[in-house]
1. Could you list all residues from region 64-94 that are open to solvent by 50 Å² or more (accessible area, probe 1.4 Å), of a type outside the set (A, V, I, L, M), touching a residue at least 12 places away in the same chain (Cβ under 8 Å) and out of contact with any Cys (no Cβ under 7 Å at 6 or more places or on another chain)?
2. Output the number of the condition that residue 57 fails; it satisfies all remaining conditions of (1) surrounded by 11 or more Cβ atoms within 10 Å (Cβ to Cβ); (2) at pLDDT below 95.
3. Looking for something within 30 Å of residue 3 (Cα to Cα), open to solvent by 100 Å² or more (accessible area, probe 1.4 Å) and at pLDDT below 90 - is there at least one such residue anywhere in region 41-54?
4. Can you find a residue in region 104-120 that is modelled with pLDDT of 95 or more, open to solvent by less than 60 Å² (accessible area, probe 1.4 Å) and under 16 Å from the mean Cα position of the chain (by Cα)?
5. How many residues are acidic (Asp, Glu) and either outside any helix (DSSP H, G or I) or under 22 Å from residue 129 (Cβ atoms) (or both) if we restrict to region 44-85?
6. Go through region 17-31 residue by residue and tally those that are open to solvent by less than 80 Å² (accessible area, probe 1.4 Å) and free of Cβ contacts under 8 Å to residues at least 24 places away in the same chain.
7. Assuming residue 133 fulfils every condition listed in (1) surrounded by 12 or more Cβ atoms within 10 Å (Cβ to Cβ); (2) of a type in the set (Gly, Ala, Ser); (3) at pLDDT 95 or above apart from one, which condition is it?
8. If residue 37 meets every condition in (1) without any contact (Cβ under 8 Å) to a residue 24 or more places away in the chain; (2) under 25 Å from residue 133 (Cα atoms); (3) not in a loop (DSSP other than H, G, I, E, B) apart from one, which number is that one?
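The values are calculated or read from the model by the stated rules, or taken from the named source; none is laboratory data. Quick caveat, the model's predicted, so the values are computed rather than measured. Note that we place each Cβ from the backbone using ideal geometry, even for glycine, and neighbour counts take in every protein chain shown. SASA here: full protein model, heavy atoms, side chains in, ligands and nucleic acids out. Shrake-Rupley method; radii C 1.70, N 1.55, O 1.52, S 1.80 Å.
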Amino acid sequence: MATEIDPPSNDDPLEWLLLTNLPVETPEQALEKIAWYLCRWQVEVFFKILKSGCKIERLQLEERKHLEPAITFYMIIAWRVLLLTHLGRACPELPCDVVFDAAEWQAVYLVTQRQAPPEEPPSLDAMVRMVASLGGFLNRK
């Protein structure tokens, strides 16, 4: 049983009952299994991005020679979306050029803001929101 120690205000702490056939006899072993579960959740999010964000199931490719390059391409995109989401939440104040080339962030800025990009790159949070808006994100609470 794992219980969240410091939940956000006005929220009940999360509680997980994790079942395993692996030995859990010490607190360290329990923490290790929880860490594994957290990694598993990231894998679930990755595949959600592939299916919902990239809409990979709509490809309906039948031949392996077409399917493998398409999946490879979309997996790179999904990995980058997952990375940007994580970094955007963990360190939103960073300048976006830590993960975007100048040509990338300037192109996104030009298309989404409909004006020339600034001299200084926007924050990572601002750029993630601009990229997300290209996929339909409406920036609402």
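1. Correct list: 79, 93.
2. Checking residue 57 against (1) surrounded by 11 or more Cβ atoms within 10 Å (Cβ to Cβ); (2) at pLDDT below 95, the one that fails is (1).
3. Yes - at least one qualifying residue is present in region 41-54.
4. Checking region 104-120: not a single residue is modelled with pLDDT of 95 or more, open to solvent by less than 60 Å² (accessible area, probe 1.4 Å) and under 16 Å from the mean Cα position of the chain (by Cα).
5. 2
6. Selection size over region 17-31: 7.
7. (3) is the only condition that residue 133 fails.
8. (2)
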